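Working notes, beginning with the structure itself.
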Amino acid sequence: MPINLKIPEAETREQRLGTITQWEGSAAQLARDSAFSYGCAKGCVTGGPEGGRRLCEQNSPFAQASMCAETIAVTNATIIQDSVVIQHSPIGCAASQSFTCRYYRDLAAQRGWALEDPQSLCSNLTERDMVFGGIAKLEQAIREAWDRHHPRVIFVATSCASGIIGDDVDGAAQRLEAEIGVPVVTLHCEGFKSKHWSSGWDVIEHGILRRLVKTERRNRRQDLVNVIHLGGPDVFTPLLAPLGLRVNLVMGGSSLDRLAAMSEAAATVTMCFVLSYLATGLEQEYGVPELKAPLPYGLAATDAWLRDIARATGREDRVETVIASERARIAPELARLRDRLSGKKGFVAAGAAFAHGLVADLRELGVTVDSAYSFHHDPSTDSGDPRQDSLTYLVETWGDIPHFTVSPDQHFQAHAALKRSKPDFVICRHSGTMAVLAARLGIPVLPIFYSNDGLGYEGLLTIGRAILRVLPRQRFYQDVASHSQFPYQPWWRDQTNPYALSADSSVA
Amino acid sequence: MAKSKLKQIAIYGKGGIGKSTTTSNISAALVDAGYKVMQFGCDPKSDSTNTLRGGDYIPSVLDLLHENSRVDAHDAIFRGFGGVYCVEAGGPQPGVGCAGRGIIAAVQLLKQQDIFDELDLDYVIFDVLGDVVCGGFAVPIREGIAEHVFTISSADFMAIYAANNLFRGIQTYSNKGGALLGGVIANSINTDFQREILDDFVARTRTQVVEYVPRSLTVTQAELQGKTTIEAAPRSEQARIYRRLAQRIAEHTESTVPAPLSPQDLRSWSAGWADQLIEIERKSQHLAVAS
Ligand SMILES: Nc1ncnc2c1ncn2[C@@H]1O[C@H](COP(=O)(O)OP(=O)(O)OP(=O)(O)O)[C@@H](O)[C@H]1O
Ligand code: SF4
Ligand SMILES: [Mg+2]
């Protein structure tokens, strides 16, 4: 089913991709059951002999601890430069914006932007607005945003409250857009629509695709590659510049000009397929090819990724030299790192494709990984192309992961999964649940906020070095553990099955 | 794209006034005339399309959404008389949940899956529950969905009050890029007097009557067989009237913003007609006594 840009609402991930947040088993089984290879059967029963079934959420009393899709949409709109975001919501939804401020300032420092707070407003819906409608307040908020900040774009994000009473935010946005003369882009992110916060990515990418991308592509730039990433330093230019390519780094904080230019690029690559809605949309609407090669985690995947980019941009003549020289450059240090890391056991916790990538990195570094913890799982991507099946690629290239837990970063489950794995260290995205838990269990932990760290050839070194930095802190973590207590009953403290409380738990 | 443009129409009116009956007959007449039509019932009762399907109830979009987290919109589309596509939005049981949000969710699901284009429809007709009680029930008349609204009314004052209220809702949205008013479908009109009341009302609110549909036993008989009049009695006078109505709606292009009466104006207007009504009643009683 193509992406539907005719209407302002993005379809949720449950609906488009069959995304789940609760599952337990082996990586190989999960890959087999995902929709890529064998299609998606309608029932929950096995589709074909090889697998291929409708992946259902594992029944579990633990589904809390995730976050709201609205937050993802709003945060990622707020970190777009020259924008003002209006949350058409009760004030509570806006609590997450304090995080966004910190995030924006950090990005600004990294990118050399003016060090200032991002701009956002909340229409502060109250009981009265719920009864009589909140549109007048929204209109006032949009005018206010314009008068105060004169932004180049205003985003209006919906909330549970505005969605339930059916406020016509699109109508208001159109009227005010005509009045003030800058785009007013609606983001339909009512929290109740999807329990997968990653649906928030689709919402902001939907808004960008519909409203902020240049629609006529007068000059196609043969040397420009869109790189969609989750945020963090530009590790791509060093890889692509030797091929004579320029990087248009988008998402994770972009300027409007970069977003507009996306339709003129020669190709798009995505650094995490969780964000690939944008890339698929660019191909569908503007003919910018979306590269589907596996993500560049590990040597062979990085080679293949570069070759794919070279093929799409007509630079096959140069790519082998770049690959050879990069490999040669990192070889000595890689050997040293492998030497020191071999025999160590790592535990990976991150979201879907990113988790699969980190496992590949660790295995490339000689680290043993028998457990991974993925915050959600997408049985398909929007392109539906099996080359984007990062889990199958991982299993085929690096072998199975016997304990593959899908969980929305749930504390109790994380505890059991760590108990089962007993790793020498943990590497995780976000610094929330997993980092703190691991530390309190006495396990050295490497939290990654900016997720570009493990990418490409250099990424192997970056990650390897970082692990070597945390491993010697064993004593510190043991100190922390000896002062930590968990509020669990003894039987759960000893529990090693994250889904032990599931009715349908088939795991021993 | 060479294909003809999809026309989306919403039909509103007081509860029980004949929305579903009339809408189904319009749909039936349009498919009969060779158009591709979808009737979209926006009412938790889910009975809008019954007479297009032999009296059968169909599972609604929200029934499916209730059972599954992932819904293929095709599973909510059923064929009825002459191949008409029938969809019921459905909704919660009376007294629970939020029926308005239900309509939003159901309409969005079909739009997201691009069903109207995929089926290459000529007409989508929304049959929307009674009063526009909240934002959800206004969804069909908002920007980007229906472009024409028709209200059904009889000559009863309560029905006219409801129509006037609907005009206010339409006025709110029409100023905001939403649907405009195509006119009033006058239902159950059997006397000149009834006709005059409605004519006067539409003149004052600056709209028009699209068709006068009499109250007829043919409709009742057809309904008892689970059929529209078009299907059950295609050669009847009533069917001829429904066909003419359908054709007028098909040919209709220019809708306008209505001018609803203020509550005071409406009250004095109806009081004026009531006086005449009493006068007529008295005369007829007088005749009855005299004879
Ligand atoms: N022109 C007519 N002649 C005879 N009976 C009619 C006519 N119009 C409507 N009816 C009858 O009136 C009853 C109510 O009609 P219908 O169900 O279409 O109303 P509705 O406005 O859809 O009601 P609701 O608001 O409950 O959905 C039905 O039994 C129908 O057969
Ligand atoms: S779940 Fe609803 S109310 Fe809560 S933060 Fe999300 S949008 Fe706001
Ligand atoms: Mg009805």
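Would you say residue B:142 is at the interface with chain A (Cβ under 9 Å from one of its Cβ atoms) and closer than 16 Å to residue B:10 by Cα? Yes; evaluated as a whole, the condition is true for this residue. Screening the candidates B:223, B:211, B:251 for the property of being in contact (Cβ under 8 Å) with a residue 12 or more places away in the chain, more than 16 Å from ligand 3 (Cβ to nearest atom) and assigned by TED's automatic domain parsing to the domain that holds residue B:125 yields one hit, B:211. The condition (being in contact with a Pro (Cβ under 9 Å, 6 or more places away or on another chain) and either surrounded by 16 or more Cβ atoms within 10 Å (Cβ to Cβ) or at pLDDT below 90 (or both)) is satisfied by just one residue among A:411, A:415: A:415. If you go through segment A:147-184 and pick out every residue that is among the small types (Gly, Ala, Ser) and within 11 Å of another protein chain (Cβ to nearest Cβ), you end up with 7.
Conditions tested, residue by residue: (1) surrounded by fewer than 18 Cβ atoms within 10 Å (Cβ to Cβ); (2) polar (S, T, N, Q).
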{"position": "B:177", "(1), (2)": "yes, no"}
{"position": "B:195", "(1), (2)": "yes, no"}
{"position": "B:203", "(1), (2)": "yes, no"}
{"position": "B:215", "(1), (2)": "yes, no"}
{"position": "B:224", "(1), (2)": "yes, no"}
{"position": "B:232", "(1), (2)": "no, no"}
{"position": "B:238", "(1), (2)": "no, yes"}
{"position": "B:247", "(1), (2)": "yes, yes"}
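Annotation note: of A:182, A:288, A:203, A:225, the sole residue that is β-branched (Val, Ile, Thr), within 16 Å of residue A:76 (Cα to Cα) and touching a helix residue (DSSP H, G or I) at 6+ places or on another chain (Cβ under 8 Å) is A:203. Contact annotation: residue pairs with Cβ atoms under 8 Å, 6 or more positions apart or on different chains, pairing a residue in segment A:248-268 that is under 18 Å from residue A:183 (Cβ atoms) and assigned to a strand (DSSP E or B) with a partner that is open to solvent by 10 Å² or more (accessible area, probe 1.4 Å) and charged (D, E, K, R), are A:250/A:258.
Here is a yes/no grid of residues against (1) open to solvent by less than 10 Å² (accessible area, probe 1.4 Å); (2) within 30 Å of residue A:374 (Cβ to Cβ):
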{"position": "A:154", "(1), (2)": "yes, no"}
{"position": "A:174", "(1), (2)": "no, no"}
{"position": "A:179", "(1), (2)": "no, no"}
{"position": "A:195", "(1), (2)": "no, yes"}
{"position": "A:202", "(1), (2)": "yes, yes"}
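Could you tell me whether any residue of segment B:71-81 is out of contact with any helix residue (DSSP H, G or I) (no Cβ under 6 Å at 6 or more places or on another chain), facing chain A (nearest Cβ under 8 Å) and among the basic types (Lys, Arg)? So far as segment B:71-81 goes, no, none of its residues is out of contact with any helix residue (DSSP H, G or I) (no Cβ under 6 Å at 6 or more places or on another chain), facing chain A (nearest Cβ under 8 Å) and among the basic types (Lys, Arg). Looking across segment A:139-167, the residues that are touching an Asp or Glu at 6+ places or on another chain (Cβ under 7 Å) and closer than 30 Å to residue B:97 by Cα come down to A:157, A:158, A:159, A:160, A:163. Any residue in segment B:3-11 that is away from ligand 3 (no atom under 16 Å from the Cβ), of a type in the set (Gly, Ala, Ser), open to solvent by 60 Å² or more (accessible area, probe 1.4 Å) and closer than 27 Å to residue B:151 by Cβ? Yes; the residues of segment B:3-11 include at least one that is away from ligand 3 (no atom under 16 Å from the Cβ), of a type in the set (Gly, Ala, Ser), open to solvent by 60 Å² or more (accessible area, probe 1.4 Å) and closer than 27 Å to residue B:151 by Cβ. Selection of segment A:288-320 for residues being open to solvent by 40 Å² or more (accessible area, probe 1.4 Å) and touching a residue at least 12 places away in the same chain (Cβ under 8 Å) yields A:289, A:300, A:307, A:312, A:314, A:318. The set of residues from segment A:10-29 being surrounded by 20 or more Cβ atoms within 10 Å (Cβ to Cβ) and in a helix (DSSP H, G or I) comprises A:13, A:14, A:15, A:16, A:17, A:27. Within segment B:16-43, if we keep just the residues that are near ligand 1 (Cβ under 10 Å from one of its atoms) and open to solvent by 10 Å² or more (accessible area, probe 1.4 Å), the residue that is nearest to the other protein chains (Cβ to nearest Cβ) turns out to be B:43. The helices (runs of 4 or more DSSP H) falling completely within segment B:143-246 that include 1 or more residues that are more than 13 Å from ligand 1 (Cβ to nearest atom) map to B:157-174, B:192-204, B:229-232.
Scanning segment A:140-191 for residues that are hydroxyl-bearing (Ser, Thr, Tyr) and in contact with a Gly (Cβ under 9 Å, 6 or more places away or on another chain) turns up A:159, A:162, A:186. Being at pLDDT 95 or above and of a type outside the set (S, T, N, Q) is a description that applies to residue A:339. Looking across B:108, B:93, one residue alone is within 14 Å of chain A (Cβ to nearest Cβ) and open to solvent by 10 Å² or more (accessible area, probe 1.4 Å). It is B:108.
Residue B:156 passes every criterion in (1) open to solvent by 20 Å² or more (accessible area, probe 1.4 Å); (2) closer than 19 Å to residue B:255 by Cα apart from (2).
The values are calculated or read from the model by the stated rules, or taken from the named source; none is laboratory data. Note that the structure is a prediction, hence the values are computed from the model and not measured. A quick note on method: Cβ atoms are made from the backbone with ideal geometry, for glycine too, and the neighbour counts reach across all protein chains shown. Note: areas computed on protein heavy atoms with side chains; ligands, DNA, RNA excluded. Shrake-Rupley method; radii C 1.70, N 1.55, O 1.52, S 1.80 Å.
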